[in-house]
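The values are calculated or read from the model by the stated rules, or taken from the named source; none is laboratory data. Just so it is clear, the model here is predicted, and its values are computed rather than measured. Here the Cβ positions follow ideal geometry from the backbone for every residue, glycine too, while neighbour counts run over all protein chains shown. We work out accessible area using only protein heavy atoms, side chains counted, and drop any ligands, DNA or RNA first. Shrake-Rupley method; radii C 1.70, N 1.55, O 1.52, S 1.80 Å.
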Amino acid sequence: MGAYRNFVAWLGHGRWFGVMLRQLGGSRADRWLYRHFNGRLAITGPPIFPVLLLTTTGRRSGRPRTTPVIYVRDGERLVVSSEQTGQQRPAAWPLNLHAEPRVSVRLGAESAAYRGRPAAPDEVERYWPALLEAWPAHATYRARSGVRHIFVLEPARA
């Protein structure tokens, strides 16, 4: 699957790829597939990148908003990043997460409560290479948008 993963990663750098994900419902399809197949199927076929479903609370609507997000693991912490898929229009989930840090995370068939926070500068330095390894297009998106949001999601304690 290495060649296929590399091919999809290469496609991810294309400007049209970000537009497809944001404007044409690519994440809607991924969200549906993830829920119905417990993370075992994505729009790219079998999962080739680590993806979770992140449910934030809409900062204006107050309604749950779910989006597939590539992540890296650091022990029990999960680290996610948004560079707005390289577009100028802000992605909603980082804005929602800033407004309300309590989120739900679905990994495969399991869901759990987490609390998100912006990564500290030393964490950004530490996590950025791992995020690039997980999805190399993060760098392209950041170069296009000039934006990078990295969040650390920690399990919520009762």
Considering the stretch 139-153 alone, what residues qualify as being assigned to a helix (DSSP H, G or I) and out of contact with any Leu (no Cβ under 7 Å at 6 or more places or on another chain)?
Thr140, Tyr141, Arg142, Ala143, Arg144, Ser145
From Arg117, Arg102, which residue is touching a Pro at 6+ places or on another chain (Cβ under 9 Å), open to solvent by 60 Å² or more (accessible area, probe 1.4 Å), within 22 Å of Arg60 (Cβ to Cβ) and in contact (Cβ under 8 Å) with a residue 24 or more places away in the chain?
Arg117
Can you pull out every residue in the stretch 36-79 that is more than 17 Å from Glu154 (Cβ to Cβ), open to solvent by less than 60 Å² (accessible area, probe 1.4 Å) and of a type in the set (Phe, Trp, Tyr)?
Phe49
Being of a type outside the set (Asp, Glu) and within 25 Å of Leu41 (Cα to Cα) narrows it down to one residue among Ala119, Ala112, Ala143, Ala156; which is it?
Ala112
Residue identified as outside any strand (DSSP E or B) and within 21 Å of Trp10 (Cα to Cα) among Pro68, Pro47, Pro90
Pro47
Name the residue, out of Ala113, Ala120, that is over 14 Å from the mean Cα position of the chain (by Cα), closer than 16 Å to His149 by Cβ and at pLDDT 95 or above.
Ala120
